[in-house]
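A short write-up of the structure that comes next.
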Amino acid sequence: MTTTMHTYDQFPFDIVDGHDAYLIDDQGKEYLDLTAGIGVCNFGYSNQQIKQAVADQVEKVWHITNLYQNQLAEKVAEDLCPTGYQAFFCNSGTEANEAAIKLAHKATGKHELVAFDYGFHGRTTGSLSVTGYPHIQEGFAPLMPAVKMVPFNDPAALDAITEDTAAVILEVIQGEGGINVGQADWLHQVQDKCHATGTLLIIDEVQSGMGRTGHRFAFEHYGLEPDMITVAKGLANGLPVGALLAKESVAKHFQPGDHGTTFGGNKVVMSAAKEVLKQLNPEFLATVQAKGDWLFDQLEKKLSPLEAVTGISGAGLMVGIHLADSLPVGQVIQVLQKEGILTLSARGNTLRLLPPLIVDQADLDQAIDQISQTIQQLSAADQAVAVK
Ligand SMILES: *Cc1c(COP(=O)(O)O)cnc(C)c1O
């Protein structure tokens, strides 16, 4: 019995230290980290500039109320926003999406939302209403009314977007949903239908953003132009943060009193985000792209031929390795842990890799071999059982 609620099934070790792209547990065992705390610690665990920025801020002031000006948050907003957008800072991905949903209602005067099967947007009531998993929603009805949940990458889904739709919310690469990559044509059709019906397009970049795919935002791969963008996970390298970025024409519908949060723009968090954005420059993004291209090449060569691997998907350092049903992903994850490699799962028996963006290519190379061996050993064992 523990005193924390049983909201997660936890592995039996506690990470107490880390360096570079490595984590160390309470027994002193070292792991190569291919999770980055679920796409959060993108610059790993030794980034001296980020640590120093936080340490310097801790010596000054940690928190002020949003009733006073905040030059640090202003600077982060300037560095984060595409031209013509404004930021609202909060503390998590789900809160960024809540803010987006509220702003969509206020800006359009409409309340219908369109969202997609296996899109994940968070666990608070508004975000949960647009999260397309029956089992995650189960037990919490009634949620927000007027949400149309339709299939991803499906042309028929476009019919759901009408003059009555306030907003469409989607991930261009569904993360939790199984690293499902959006089709460019279809995404542009969604955007066109939004424009034709006065519907706002919200792109959730909480997992795919902040350099994960080799661009600051994954929608840049497609040349899309969302009305709103939500970010969180990687923005402050591990301190809790979220942000809604909205085009000025939309953002102006939030006026004093319409929305707020005590901790949004927190000074310590912003000091980390400022340093993250400084380092997330075009040169750095090019290294992520190059590493990602190399990685997908290797995965195609070394993992695709395996019988138990049914597909590889993703972009940059956001990777899905799809496994046959006969090989449960949980088994692979546990064997890899014993071998000193931390990995994640996603829906659909997918082994998901979200390494820190600074991960060493040589380490990735070794990890791929280890993953390949593990998959082969487990599927051989599985066949041996089947033969008996
Ligand atoms: C993790 C995630 C969220 C929720 O973020 P929290 O910080 O856990 O609230 C929302 N959208 C996407 C795409 C995510 O991956």
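Positive contributions from Lys and Arg (+1) and negative ones from Asp and Glu (-1), summed over other residues with Cβ under 15 Å from the Cβ of A146, come out at 0. Between the beta carbons of D14 and T125, assuming R0 = 35 Å, the FRET efficiency works out to 0.65 to the nearest 0.05. Could you tell me whether the stretch 125-243 comes out rounded, prolate or oblate from its Cα gyration tensor? Rule is a ≥ b ≥ c as square roots of the eigenvalues, rounded for a/c under 1.5, then prolate if a/b exceeds b/c, otherwise oblate. Oblate is the answer for the stretch 125-243, as a/c is 1.5 or above yet b/c matches or exceeds a/b. Cross-link partners for K106 among the lysines, with Cα-Cα distance under 17 Å and sequence neighbours closer than 8 places in the same chain left out: K247, K252. Taking other C-beta atoms within 10 angstrom as a stand-in for reagent exposure, H215, H6 fall in the order H6, H215, fewest first. For the chain, what does the alpha-carbon gyration tensor say about shape, rounded, prolate or oblate, given a ≥ b ≥ c as the root eigenvalues, a/c under 1.5 as rounded, and a/b over b/c as prolate? Here the chain falls in the oblate category.
Grab the Cα-Cα distance for A384 and K51, subtract it from 0.36 nm times how many residues apart they are, and report the gain in nm with one decimal.
Once the chain is fully extended between A384 and K51, it gains 114.9 nm.
For the stretch 170-210, list residues with backbone N below 13 Å from a point placed 7 Å from the Cα of N153 toward its Cβ? Only 172-175, 177-187 pass the distance filter. Counting 0.36 nm for each residue step from T65 to E220 and taking away their Cα separation leaves a gain of 52.4 nm. Between F263 and E300, the simple label model (points 7 Å from Cα in the Cβ direction) yields a spacing of 4.3 nm. Note on T197 and Q86: the model spin-label points, each 7 Å out from Cα along the C-beta direction, lie 2.8 nm apart.
Sorting W62, W186 by the number of Cβ atoms found within 10 Å of their own Cβ, with the fewest placed first, yields W62, W186.
Restricting to DSSP H runs of at least four residues, report the calculated mean residue ellipticity at 222 nm for the chain, -39500 (n - 2.57) per run over all residues, nearest 500 deg cm²/dmol. Don't jump to the answer; show the numbers that get you there.
Numbers: 12 runs with 140 residues, N = 388.
Result for the chain, helices only: -11000 deg cm²/dmol.
Ranking of K278, K301 by neighbouring Cβ atoms within 10 Å, starting from the fewest: K301, K278.
For a straight C-alpha distance cut-off of 30 angstrom, the lysines reachable from K291 (same-chain residues fewer than eight places away being disregarded) are K29, K51, K75, K233, K274, K278, K301, K302, K338.
The numbers here are math on the coordinates, done by the rules we state, and not lab data. Just so it is clear, the model here is predicted, and its values are computed rather than measured. Methodologically, a virtual Cβ is constructed for each residue, glycine included, from the backbone with ideal geometry; neighbour enumeration extends over all protein chains shown.
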